[in-house]
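Visitor: The structure's right below; bear with me while I get my questions together.
The values are calculated or read from the model by the stated rules, or taken from the named source; none is laboratory data. Quick caveat, the model's predicted, so the values are computed rather than measured. Positions of Cβ are backbone-derived with ideal geometry, glycine not excepted, and every protein chain shown enters the neighbour counts. Just so you know, the surface numbers come from the protein's heavy atoms only, side chains and all, with ligands and any DNA or RNA stripped out. Shrake-Rupley method; radii C 1.70, N 1.55, O 1.52, S 1.80 Å.
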Amino acid sequence: MGTAGKRGAHARQASAVRLRIERLTREIAKFGAVGGAGLLVNLITFNLVRSTTDLQVVRASVIATVVAIVSNYIGFRYFTYRDRDKSGRTRELTLFVLFSAIGLVIENGILFAATYGLGFDSPLASNVFKFVGIGIATLFRFWSYRTWVFRVAAVHVPVPHAESFLGTPPPHLEEDRPPAQSFRQIQRTR
């Protein structure tokens, strides 16, 4: 392979890396948009429950987190990960609830430690530690949702020489050039 072939292979690798980075960036932006809406739902519900009821801080926070989890599932399934595999909804929902519950424990565990362990019980301190807990739980949720819950649908790779059972190919398909070069020529003529 000459230097032109090496440059072509390097360009394909670079464009593949760039494509993966662009996809990840779009995914993070969509996850952030849904997460931002969930953050607002969480904090508004938390402060509303806290100011209108006599519930303790962490109980009000758990209620708010559950409301945000429900709204986030809708956003993730129908916006962020709408192109992902939809074949196993029961499995998806079960894993989503499991990982969301772990995130709930992370988020509210931080609030619990700050409120009852460190004595930060003012409304401002509660909101700050709830926000910190949401941030840390979000990192866990992003990893777990994209890895386990909303998985990429399997790509079906064609089997090389699958048409061999058909017999001898027609003469116009028997060229010396590999199919990729023929395809590129067709693309250039358009």
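Visitor: Six or more apart or on different chains, Cβ under 8 Å: which pairs go from a residue in segment 139-155 that's under 15 Å from ALA29 (Cα atoms) to one that's open to solvent by 50 Å² or more (accessible area, probe 1.4 Å) and modelled with pLDDT of 75 or more? Could you list them?
Guide: From segment 139-155, the pairs are PHE142/ILE28.
Visitor: Looking at this structure, is VAL34 surrounded by 17 or more Cβ atoms within 10 Å (Cβ to Cβ), at pLDDT below 95, part of a helix (DSSP H, G or I) and β-branched (Val, Ile, Thr)?
Guide: Here the answer is yes, as VAL34 does meet what is asked.
Visitor: Got a number for residues in segment 30-58 being closer than 17 Å to LEU104 by Cβ, within 19 Å of the chain's Cα centre (by Cα) and touching a residue at least 60 places away in the same chain (Cβ under 8 Å)?
Guide: Qualifying residue count, segment 30-58: 2.
Every residue, every condition in (1) modelled with pLDDT of 60 or more; (2) acidic (Asp, Glu); (3) surrounded by 13 or more Cβ atoms within 10 Å (Cβ to Cβ); (4) part of a helix (DSSP H, G or I), yes or no:
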| residue | (1), (2), (3), (4) |
| --- | --- |
| PHE129 | yes, no, yes, yes |
| ILE136 | yes, no, yes, yes |
| TRP143 | yes, no, no, yes |
| VAL157 | no, no, no, no |
| PHE165 | no, no, no, yes |
| ILE186 | no, no, no, yes |
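Visitor: A further question on this structure: I'm trying to understand the selection: among the residues of segment 47-104, which are surrounded by 13 or more Cβ atoms within 10 Å (Cβ to Cβ), assigned to a helix (DSSP H, G or I) and polar (S, T, N, Q)?
Guide: ASN47, SER61, THR65, SER71, ASN72, THR80, SER100
Visitor: Under 8 Å by Cβ, and 6 or more places apart or on different chains, what pairs join a residue from segment 98-123 that is closer than 19 Å to ALA137 by Cα with one that is open to solvent by 80 Å² or more (accessible area, probe 1.4 Å) and assigned to a helix (DSSP H, G or I)?
Guide: PHE99/TRP148; ILE106/ILE136; GLU107/ILE136; ILE110/ILE136
For every residue, the table says whether it meets (1) basic (Lys, Arg); (2) under 22 Å from LEU40 (Cα atoms).
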position	(1), (2)
ARG89	yes, no
LEU93	no, no
PHE99	no, yes
ILE102	no, yes
GLU107	no, yes
LEU111	no, yes
LEU118	no, no
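Visitor: Looking at (1) assigned to a helix (DSSP H, G or I); (2) at pLDDT below 90; (3) open to solvent by 100 Å² or more (accessible area, probe 1.4 Å), which one does LEU40 not meet, given that it meets all the others?
Guide: (2)
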